[in-house]
Every structure is written in structure tokens, then in C-alpha cells.
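Shown next, in C-alpha cells, is the structure this report addresses.
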Amino acid sequence: MATQHSRSAARLMIAPAVFVLLVWMLIPLCMTLYFSFADYRPMRATFEPWIGFDNYVSFVTSSSFTNSVITTLQMVGGILCITIAGGIALALLLDQPIFGQGVVRILVIAPFFVMPTVSALVWKNMFFNVDNGLFSYLYKALGLQPYDFLSQAPVFSIVVIVAWQWLPFATLILLTAVQSLSSEQLEAAEMDGAPGWARFWYIILPHLSRAITVVILIQTIFLLSVFAEIFVTTNGAFGTRTLTYLVYQRVLESQNIGLGSAGGIIAVILANIVAIFLMRIVGKNLDN
Amino acid sequence: MGRITLENVQKRFGEVEVIPPLNLTIEDGEFVVFVGPSGCGKSTLLRLIAGLEDVSGGEIRIDGRPATDLPPAKRGLAMVFQSYALYPHMSVRKNIAFPLKMAGMDQAEQDRRIAKAAEALNLTDYLDRRPGQLSGGQRQRVAIGRAIVREPAAFLFDEPLSNLDAALRVGMRMEISELHTTLATTMIYVTHDQVEAMTMADKIVVLRAGNIEQVGTPLDLYREPRNVFVAGFIGSPKMNLLEGEHARAHGCKTIGIRPEHLDVVDSGGTFTGKIGVAEHLGSDTFFHVHIPGMAEPMTVRASGEVGLRHGDPIHLAPQADKIHRFDDKGLRIS
Amino acid sequence: MARAITTRKKVMWTALSWGIGLLIFFPILWTFLTSFKTEATAIADPPVWFAFDWTLENYRAVQERSNYPLALTNSIIIAVGSTILGIAIAVPAAWAMAFVPGRRTKDVLLWMLSTKMLPAVGVLYPLVLLAKWLGVMDSRILLIVVLMLINLPIIVWMLYTYFREIPGEILEAARMDGASLRNEIIYVLTPMAIPGIASTILLNIILAWNEAFWTILLTTVDAAPLTKFIASFSAPEGLFYAKLSAASMMAIAPILVMGWFSQKQLVRGLTFGAVK
Ligand SMILES: Nc1ncnc2c1ncn2[C@@H]1O[C@H](COP(=O)(O)OP(=O)(O)OP(=O)(O)O)[C@@H](O)[C@H]1O
Ligand SMILES: [Mg+2]
């Protein structure tokens with residue numbers, strides 16, 4: 001397929017894409033790396049170009065870091081649990097022969113296309129609000145005391161919002177995987193006398209394991225940088241400060257660039273650990 | 001117009017040498033068939049000539065002009081692919097017009113040539129259809145039409161008939177042969193089907209692992225195969241190749257006897273055995289005969305209807321002047 | 001292989017699926033209904049479902065708010081602009097990777113995808129700094145470029161997978177027919193890849209439209225798209241639910257429709273082919 005001529009043309013054609021991505025990756029990342037070793041607080045006009053690992057040490061040892069890591073883990077973990085369990089259930093459900101399957105699919109997928117600020121605001125005001133939210137009406141109707149979700153259970157509330165947005169994604173991918181399972185395999189198992197739960201446990205779940213892994217990896221990468229939902233609902237208050245949000249506050253709100261940059265580099269490292277696993281799976285798939 | 005010469009042309013893919021240095025001359029107006037087993041490098045050689053691959057060494061000349069470094073578009077060759085490679089988003093007319101449009105030809109001349117090609121290929125009624133709405137044979141004709149309108153120096157075909165069913169294949173084979181007679185343009189045709197090779201070629205090039213085993217007219221190859229490989233490859237059914245005792249009797253390593261050169265006799269004969277499978281075609285009868293002391297059954301072709309069947313004993317006598325002899329290296333002894 | 005399913009079973013599954021489907025869709029439905037209520041009905045206790053005087057007042061009110069038209073314009077320009085720019089850069093790159101694969105093609109592709117995994121906060125400050133230094137803070141061009149860059153890996157990836165489905169022989173045929181590289185791409189590759197390119201464009205407009213990190217942090221007023229405009233409603237009063245709903249519906253409706261058309265591409269585009 002390839003001649004010298006087409007190969008050099010190819011190189012020329014890849015060049016712009018590689019170049020812009022390289023610039024995009026390298027220049028800001030190097031600057032962040034540089035700032036992370038500096039004491040740089042523009043509001044106080046402090047700039048000391050080299051203070052070693054001080055920023056990293058103070059970032060990592062501060063209690064807000066520990067808290068943000070815990071919050072991040074709670075959020076990502078909670079969202080993953082809900083979306084994976086819900087996604088498997090929904091995928092199996094949508095795979096059943098039902099009337100109007102296409103419409104149900106559309107209903108289920110819709111939340112993924114709602115912009116994050118909209119879904120955060122809708123949930124915050126129209127559902128979670130103590131005075132006028134639907135949940136409060138529901139509580140009152142059941143004779144209970146209305147509950148202020150966003151201040152009493154802020155992490156849980158955000159988990160609900162984000163899980164609602166990502167459930168369609170998990171469902172869609174797991175549905176694709178469920179549909180690729182041959183019905184003959186299931187029929188063979190049925191002939192072998194396996195009851196429903198055994199078919200799920202020994203055949204469907206192993207078949208889905210790869211798709212589940214992919215959903216976990218991809219969602220983790222996106223969930224680690226959840227921003228708008230927190231920005232709009234609690235603005236980081238009530239212990240909803242994730243690592244991403246903490247870095248944002250250090251950099252843009254308190255303008256401690258050095259400290260924030262150290263946090264940014266740590267976030268990059270953490271995300272890369274997840275990314276490596278994802279890239280392995282994608283790379284293997286590229287071969288065939 | 002279309003004389004193509006290859007001098008020491010070779011091709012490596014990384015470490016793997018697919019075509020060792022090779023020399024070949026294709027004369028103007030010749031119909032040359034490259035034939036050989038799967039993976040022997042036929043397509044690669046054709047693509048080197050087309051310019052779709054770079055040579056790793058050597059020179060290609062077209063009409064005496066060096067073409068080694070020319071891009072495919074500049075070589076003045078046209079190619080018909082195995083998958084036809086029609087442009088699915090263009091009508092038949094646009095498909096055929098595409099090379100003319102790329103050459104910047106004026107509209108009137110384009111229309112004239114398209115009409116002429118469509119006429120010749122029976123495509124006039126289909127000009128406004130998309131390739132997807134055509135049968136396999138029609139698609140094949142469009143691919144050929146796209147090639148002929150350019151009036152190229154030579155046509156290259158890479159197994160153009162292998163996607164067609166048997167009956168259509170015979171018809172298209174004749175059409176391509178006729179086309180060659182009318183156009184009198186050089187054609188290089190790749191196939192692994194030796195029947196296609198024998199029926200169409202002026203000159204056959206037998207390839208094995210990138211090496212040219214023999215070049216010659218179909219009958220040259222049939223009558224005097226240069227070695228055991230060509231002997232076994234050309235001819236249908238395959239030539240019987242015998243080693244050991246029978247070969248030693250003729251003073252060589254291997255002897256070859258074509259199935260049609262074995263006579264069925266009532267008694268005596270050189271070989272005596274039992275019929276394994278008998279294939280009655282009416283015009284011919286093929287027997288696969290098990291002969292004691294021989295690993296492979298021998299194939300015999302008797303013309304007309306012969307009333308022998310499975311399990312019957314049979315006596316065979318080879319025609320003495322039609323026995324091919326080969327030495328230790330597999331080369332022909334004349 | 002499907003066996004005859006008893007109608008009763010099917011009805012049962014249908015009821016369950018529709019129930020769950022509507023539950024998941026409910027927040028959008030509720031927003032839709034609320035957008036046609038008056039502010040008073042919007043917070044009525046108990047909530048009113050359908051029996052209210054439907055009004056378009058909120059939509060008019062939101063459109064009259066000075067910055068709504070600007071935010072809408074910004075959203076459109078940024079989403080479409082970044083997608084077009086991305087496509088222009090990605091088509092040649094994907095062409096090269098799909099049709100002239102080399103030993104390092106796979107690595108380049110994976111590396112591109114890996115840039116997509118870079119957390120935005122890691123480069124937040126330098127970007128703000130560079131934007132200020134270049135004087136492009138709060139400008140559409142900045143967002144077009146930034147959103148193009150964060151989505152470029154997905155665009156390249158999707159085009160690559162679509163291009164790989166086009167048989168190479170057809171492009172070789174074009175080359176034999178005398179087409180230059182440019183003509184090969186314009187007359188043969190692009191028309192054949194139109195469906196793939198279209199779905200790539202669709203998915204990327206959706207992603208760019210909904211992007212809510214850079215669009216919030218890199219804009220103030222002039223270039224603020226709908227994401228930022230909606231975020232400005234986040235004051236805790238309960239008196240503007242109807243208007244909030246109307247603004248929300250206007251922000252999500254076009255994308256919702258596009259999204260429904262691009263379900264399949266979503267799987268392909270966002271899983272990088274890891275799930276088929
Ligand atoms: N791009 C390539 N990279 C590496 N090896 C290749 C490449 N193209 C072909 N080969 C190898 O070169 C050899 C010859 O291939 P070629 O396609 O020319 O065979 P062929 O004679 O046309 O076979 P067939 O009758 O099956 O079409 C094969 O062993 C093949 O594996
Ligand atoms: Mg071949």
C-alpha cells in the first residue's frame with residue numbers, strides 16, 4: 001500500500017495534529033511543573049523561582065488534601081457503583097423484547113446530553129431544595145420532615161446528580177456488550193440446566209467483564225475532573241471539595257500558584273495511572 | 001506503446017524478501033499471465049509495475065523510459081482490481097469518466113469515449129446506476145471500462161475474475177481475450193487458476209516464492225516444463241510424478257506422465273492397479289488408480305465414456321514419447 | 001433464535017422498562033413542564049402536573065434577558081467552530097494513519113488518546129496566563145482553540161476507525177486513475193467517508209456544547225456560552241424556577257435531539273473501540 005511518496009505525504013499530514021497536541025501537552029504542562037517548584041503568589045507579589053519540593057510537601061500534608069482525596073474517592077466510588085450496577089440492570093432490561101424499545105432507549109440516554117450546569121441547577125433547585133424541591137414535597141406527603149440534601153448529605157447529592165448523567169453512558173456500552181453475546185450460548189446453558197442466576201453469574205457477567213472494565217476506566221478519568229456540578233451546587237463547601245476542585249481553588253481563588261501547580265501535577269500523575277490501564281486495553285484492540 | 005522491462009527488480013517487506021532480483025521483458029501488445037500458488041508474490045510484482053509499491057532495488061522501464069520513480073498516475077497504466085474497486089458514490093458514468101476528468105480532458109471527448117466504452121462493454125443501459133445496483137459481472141465490466149477509456153500503455157489485472165461464479169467467469173474470460181485482440185494493448189494478468197492462464201495467455205510467467213520458474217507460451221510450458229514445479233503446476237488434471245523404481249528404469253530421479261498420456265489397455269501395460277474413484281463426465285472419464293507400491297493414486301484421463309467403475313482392476317500403458325524426465329535437482333532432462 | 005415470547009411476559013417487561021425509562025427521564029420532563037408554568041405554579045404545593053395554564057411567557061422573558069442571545073450565539077460559534085477546525089486538522093491525520101500505516105502509527109494514535117486523559121486542572125493556570133498574555137482571555141477564538149484541542153484526539157480516533165472501513169484498493173484505483181493526493185482525498189475518500197465524518201461532527205458538537213470546565217473558567221461575559229449563562233442562575237432563590245427551566249430547555253433541546261441521533265457513534269467515539 002505504501003510507497004515512499006505516500007509515506008512522506010502521510011508524515012506531512014499527521015504533522016499538524018501531532019504538533020498542536022504536542023504544544024498543548026508540553027507547554028502548559030512544563031509551565032505547571034515549573035510553577036510547582038516555585039513560591040508564586042501574584043496577589044502578594046511573591047515570586048521565588050525555586051523552593052524545591054516544599055509545595056508538594058505542604059500540599060500533600062495539609063488536611064484539605066487528605067479530605068479532598070477522601071471526597072474524590074467517595075464520589076468516584078459511589079458514582080461508579082451506581083452506574084455499573086444500574087447500567088448492567090438496564091442493559092439486561094433493554095435487551096428484553098419490549099414494546100417501544102427505541103423510545104425507552106431514548107428516554108434512558110437523554111441525561112447524557114444535558115449540559116452539566118443545567119443538570120446541576122435542575123437537581124439543586126427543583127429536586128433538592130428544602131423549601132420548593134420535589135423531594136421536600138415527597139417527604140411532606142409521606143409525613144416526614146423535609147431534608148436539606150445539599151447541606152446534610154452534600155457528597156451523596158452530587159453523586160446522585162453525576163450518576164444520573166453517567167448512567168446512560170454505562171448503559172449504552174453495556175447494552176452493546178450484552179447484545180454481542182450469542183443467544184446460542186445462553187440456550188446451551190439453559191439446556192445444560194443452569195437456572196437464571198447461574199446463567200447471569202457464569203455466562204453474562206464474564207462476557208461483560210471487559211466492557212465493565214472499560215466503563216470503569218473511562219468514567220474514572222472523566223469523574224476525576226468533575227467540576228461544573230460542584231461549582232454550581234456547593235461551590236466546594238460542606239466537604240465536597242475534590243482534588244480537582246481543591247487545585248482550582250488554590251490556583252484561581254486563593255492565587256497560590258505554586259501550591260496549586262503542585263496539586264495539578266499530582267492530579268496528572270493519578271489520572272495517568274488510570275490512563276495506562278485504559279491504553280493497554282485500547283492498544284490490544286487496535287492490533288486486530 | 002507498451003513494452004515493459006524489469007531489471008533486477010526486487011522487493012523486501014522489512015526483513016522478508018518477497019521477490020528476489022528478477023528480470024523480465026514484456027513485449028508490446030503481449031498478453032502475459034503471472035501464475036503461481038497463493039502467496040508467491042504475483043500481486044506484489046504487479047503492484048511494483050503499477051507503482052503502488054516501491055521497488056527495493058532494480059529498474060522498471062516502460063517503453064524504454066525509466067519508470068522506477070514515477071508515481072502510479074504518471075506511468076500510463078490502468079489496473080483492474082480483484083474487488084473491482086469501483087467508487088461507490090459515483091454513477092457508472094462518473095466512474096468511467098473519473099480518469100478522464102483527472103487528466104483534464106474536455107467534456108465532449110469524455111462523452112465520446114464513455115459512449116464508445118459503454119457500447120463495447122454492453123453498459124449503455126446502466127450508465128446512470130450506482131455500482132451497488134449492478135451484478136458482479138456488470139461491476140467487472142465497469143472496472144474494465146474505467147481502464148480502457150484512458151487508452152493506457154498497458155492493462156494490469158489482479159485476479160479480476162475470482163469473485164465471479166464459474167459460468168460468468170468463462171464468459172468474462174472470453175470478453176477479456178476479445179478485448180485484447182481488438183485493442184492490441186499490452187495486458188498483464190495475475191491469476192492462480194492455471195486454466196485461465198492456459199486459455200488467455202500469449203506468454204505465461206510461472207512464479208514460485210518470487211522466483212520466475214519458467215517463461216513461455218502455454219504450449220511450451222505444457223510440452224516442455226523446465227522443472228518438476230512447472231510440470232506439476234501446468235496442466236489439468238495434474239501430471240503424475242513418480243519417483244523410485246519406475247523413475248530409475250528411465251535413468252532419472254523423477255518421471256512425469258500427464259493423465260491424458262496414459263492409455264487404458266486390456267492386459268499387460270506398465271502399471272496395474274485398482275480404480276479408487278471414477279469420475280464420469282461424459283466427454284472424458286477420470287480414474288484415480290491405486291497401484292501397489294505407490295503412495296499416491298495415479299490419475300488417468302480416458303476420452304469418452306468408459307465402462308469401468310470403482311474397484312475394477314485396470315491396466316495402464318504410458319505413451320513412451322510423452323514421458324517427462326527430471327534430474328536430482330528437479331530440472332528437466334531432454 | 002428467539003423463541004416465541006408470551007405476550008404477558010412481554011407486557012410485563014414493557015411496563016417495567018417504561019417505568020424505569022420515565023423515571024430516568026423525569027428530571028428533563030419536569031423541567032420541560034415547569035418551563036411552561038408561571039413562577040407561582042412552578043413552586044405550588046402540592047406540585048401541579050399538567051393542569052395549569054400553559055404559557056410561553058418564560059421563554060420570552062429569557063430571550064429578552066440581555067445576555068441570552070449572546071450566550072446562544074457564543075455556544076453555536078464555539079461548538080461549530082471548534083469542530084470544524086478539529087475536522088480540518090484531523091481528516092489528513094486520520095487519512096494517513098488509516099491508509100499509510102507505519103510501525104509507529106499505533107503509538108501515535110495511543111499517544112493522542114492519552115492527551116485526552118490529561119486532567120484539565122494540571123494545565124489550568126498556564127493556560128489562563130498564556131491567554132492573558134496573548135490578550136485572548138474571554139474570547140471566542142480562545143475557546144474554539146481549547147475545545148478543539150481537548151476533542152481532537154476523539155475526532156482523530158473516530159475518523160480513523162471510519163476510514164479503516166474503506167477498502168484501500170479504492171484509493172489505489174484512484175491513484176492509478178491519475179488522481180493526485182489532493183484529488184484522491186477530495187473526490188474519493190471524503191465522499192465515501194461522509195457518513196462517518198457527519199457522525200463525528202455531530203458527536204463533537206455535542207461534546208463541545210456541553211463542555212463545562214474551560215467554558216466557565218476562561219470566559220466572563222463576551223465569550224460566555226450557555227454553560228456559563230446557566231451557571232449564573234445558581235442563586236438559591238426559588239422564585240425563578242420557570243425561567244430557569246425555560247433557559248435550560250433552550251440550552252439542551254437542540255443537543256438532546258442531536259444526541260438521540262448519535263447513540264451509536266457515542267459508543268464508538270467515547271470508548272476508543274475498546275467495546276464493540
Ligand atoms: N505489505 C506487506 N507487508 C509484509 N508482507 C507482505 C505485504 N504484502 C504482501 N506480503 C507478503 O508477500 C508475499 C506475497 O504476497 P502477494 O500478495 O504478492 O501474493 P499473491 O501471489 O498475490 O497471492 P494470492 O494468490 O493469494 O493473491 C506473501 O507472503 C505476503 O505475506
Ligand atoms: Mg494476490
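At-a-glance table
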read-out	value
Count of residues meeting criterion [facing chain A (nearest Cβ under 7 Å) and either farther than 13 Å from C:Phe213 by Cα or free of Cβ contacts under 8 Å to residues at least 60 places away in the same chain (or both)] in the stretch C:114-128	10
Neighbours by Cβ (under 7 Å, 6+ apart or cross-chain): first from the stretch B:29-42, closer than 20 Å to B:Thr185 by Cα and open to solvent by 10 Å² or more (accessible area, probe 1.4 Å); second more than 6 Å from ligand 1 (Cβ to nearest atom) and part of a loop (DSSP other than H, G, I, E, B)	B:Gly29/B:Gly2; B:Gly29/B:Ala184; B:Gly29/B:Thr185; B:Glu30/B:Asp202
Options A:Leu21, A:Leu29, A:Leu33: the member that is within 7 Å of chain C (Cβ to nearest Cβ), over 24 Å from C:Ile170 (Cβ atoms) and either touching a residue at least 12 places away in the same chain (Cβ under 8 Å) or small (Gly, Ala, Ser) (or both)	A:Leu29
C:Ile84 under 19 Å from the mean Cα position of the chain (by Cα), over 30 Å from C:Lys243 (Cα atoms) and not hydroxyl-bearing (Ser, Thr, Tyr)	yes
Within the stretch B:136-169, considering residues that are of a type outside the set (Gly, Ala, Ser) and free of Cβ contacts under 8 Å to residues at least 40 places away in the same chain, the one nearest to ligand 2 (Cβ to nearest atom)	B:Leu161
Top-ranked residue of the stretch A:253-266 - restricted to ones that are at the interface with another protein chain (Cβ under 7 Å from one of its Cβ atoms) and either surrounded by fewer than 24 Cβ atoms within 10 Å (Cβ to Cβ) or among the hydroxyl-bearing types (Ser, Thr, Tyr) (or both), ranked as farthest from A:Val214 (Cα to Cα)	A:Ser261
Scope the stretch A:193-249; condition more than 17 Å from C:Ala212 (Cα to Cα) and among the aromatic types (Phe, Trp, Tyr); matching residues	A:Trp197, A:Phe200, A:Trp201, A:Tyr202, A:Phe238
Segments classed as helices (runs of 4 or more DSSP H), wholly inside the stretch B:140-247, with at least 2 members that are within 16 Å of ligand 1 (Cβ to nearest atom)	B:194-200, B:228-233
Count of residues meeting criterion [in contact (Cβ under 8 Å) with a residue 40 or more places away in the chain, within 16 Å of ligand 1 (Cβ to nearest atom) and open to solvent by 80 Å² or more (accessible area, probe 1.4 Å)] in the stretch B:1-28	2
Residue in the stretch C:131-145 that is facing chain A (nearest Cβ under 10 Å), open to solvent by less than 30 Å² (accessible area, probe 1.4 Å), part of a helix (DSSP H, G or I) and of a type in the set (A, V, I, L, M, F, W, C) present	no
Residues of the stretch B:59-98 satisfying the condition of being open to solvent by less than 50 Å² (accessible area, probe 1.4 Å), touching a helix residue (DSSP H, G or I) at 6+ places or on another chain (Cβ under 9 Å) and either within 16 Å of ligand 2 (Cβ to nearest atom) or small (Gly, Ala, Ser) (or both)	B:Ala67, B:Ala73, B:Ala78, B:Met79, B:Val80, B:Phe81, B:Tyr84, B:Ala85, B:Ser91, B:Ala97
When residues of the stretch A:223-232 are limited to those that are within 15 Å of A:Val114 (Cβ to Cβ) and more than 8 Å from chain C (Cβ to nearest Cβ), the one farthest from the chain's Cα centre (by Cα)	A:Glu229
Subset of the stretch B:73-95 (residues that are in contact with a Phe, Trp or Tyr (Cβ under 9 Å, 6 or more places away or on another chain), under 16 Å from C:Thr190 (Cα atoms) and hydrophobic (A, V, I, L, M, F, W, C))	B:Met90
Candidates A:Gln145, A:Gln185, filtered to the one that is more than 7 Å from every other protein chain (Cβ to nearest Cβ), surrounded by fewer than 23 Cβ atoms within 10 Å (Cβ to Cβ) and either within 22 Å of the chain's Cα centre (by Cα) or assigned to a loop (DSSP other than H, G, I, E, B) (or both)	A:Gln145
Any hit, the stretch B:15-35, residues being within 16 Å of ligand 2 (Cβ to nearest atom) and of a type outside the set (A, V, I, L, M, F, W, C)	no
Residues within the stretch A:94-135 that are more than 9 Å from chain C (Cβ to nearest Cβ) and either more than 30 Å from C:Thr6 (Cα to Cα) or in a helix (DSSP H, G or I) (or both), tallied	4
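The values are calculated or read from the model by the stated rules, or taken from the named source; none is laboratory data. Computed from a predicted model, the values in this text were never measured in an experiment. Ideal geometry is used to build each Cβ from the backbone, glycine not excepted, and the neighbour counts take in all protein chains shown. With ligands, DNA and RNA removed, areas are computed over all heavy atoms of the protein, side chains included. Shrake-Rupley method; radii C 1.70, N 1.55, O 1.52, S 1.80 Å.
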